[in-house]
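Heads up: the structure comes next, in structure tokens.
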Amino acid sequence: MAGWRSEVERLKRIPEDEIMEKLKLSFNGLKEIEKEIFLDIVCFFKGKKKAYISRVLDSFNFYPDIGIKVLIEKSLVTVSEGRILMHPLIQEMGCNIVRQKAPEEPGKHSRLWVKEDICHVLAREKESDHPFLSQLDCHLEEISVVYFFFFAVR
């Protein structure tokens with residue numbers, strides 16, 4: 001963690017766009033499966049227990065033990081007290097990666113984690129008579145709706 005503090009102090013002197021580009025170098029060096037694991041952690045699992053994350057990702061055949069180890073080696077995530085953590089700038093970079101292909105169209109994002117975006121997409125899909133989504137009510141308050149949607153569309 002001391003290394004991160006030093007890096008953060010150094011990065012404070014660099015403009016934000018440059019910071020994001022430098023952080024993205026680590027992401028770009030990942031294999032596709034590692035990128036998927038990273039983006040899932042960014043959007044859904046930051047701060048969750050590593051064992052839980054591993055079980056969920058393993059259910060999708062993502063080989064999380066190896067993938068998470070690589071993310072740690074690349075300093076994209078850390079593990080503290082059994083939980084996977086990351087610096088807010090790294091999380092912001094990951095969120096930007098998910099949004100970059102269609103910033104104004106959440107329905108085209110590979111992941112949805114913001115309640116308003118989920119409700120927007122569900123409302124549009126309801127209009128199209130999608131059989132699965134026509135049963136859903138977008139006024140769910142629990143964060144589990146994020147996980148529900150995540151697993152339903154995978």
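Since every read-out is calculated from the coordinates, none of them should be taken as a lab result. Just so you know, these numbers come straight off a predicted model, no measurement behind them. We place every Cβ from the backbone using ideal geometry, glycine too, and count neighbours over all the protein chains shown.
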**Q.** segment 44-83 - convex hull of the alpha-carbon atoms, volume per residue in Å³
**A.** 61 Å³
Q. Residues in segment 51-90 near a label at S6, defined as backbone nitrogen under 16 Å from the 7 Å Cα→Cβ point?
A. 75
Q: Take each of the peptides 100-108, 79-87, average the number of other beta-carbon atoms within 10 Å over its residues, and list them starting from the highest.
A: 79-87, 100-108
Q) Pulled fully out, how much extra length does the chain show between I66 and R124, if you take 0.36 nm times their separation in residues and subtract their Cα-Cα distance? A) 17.1 nm
Q: Can you pull the one-decimal nm distance between simple spin-label points at E81 and K31, each 7 Å off the Cα toward Cβ?
A: 3.3 nm
Q. Taking amide H positions as placed 1.01 Å from N in the peptide plane, with prolines and chain starts having none, which residues 5 or more places from K46, or on another chain, fall under 5 Å of its amide H?
A. none
Q) With respect to the cross-link table entries K31/K115; K74/K115; K35/K74; K46/K115; K50/K74; K24/K115, which display a Cα-Cα separation exceeding 21 Å? A) K31/K115; K74/K115; K24/K115
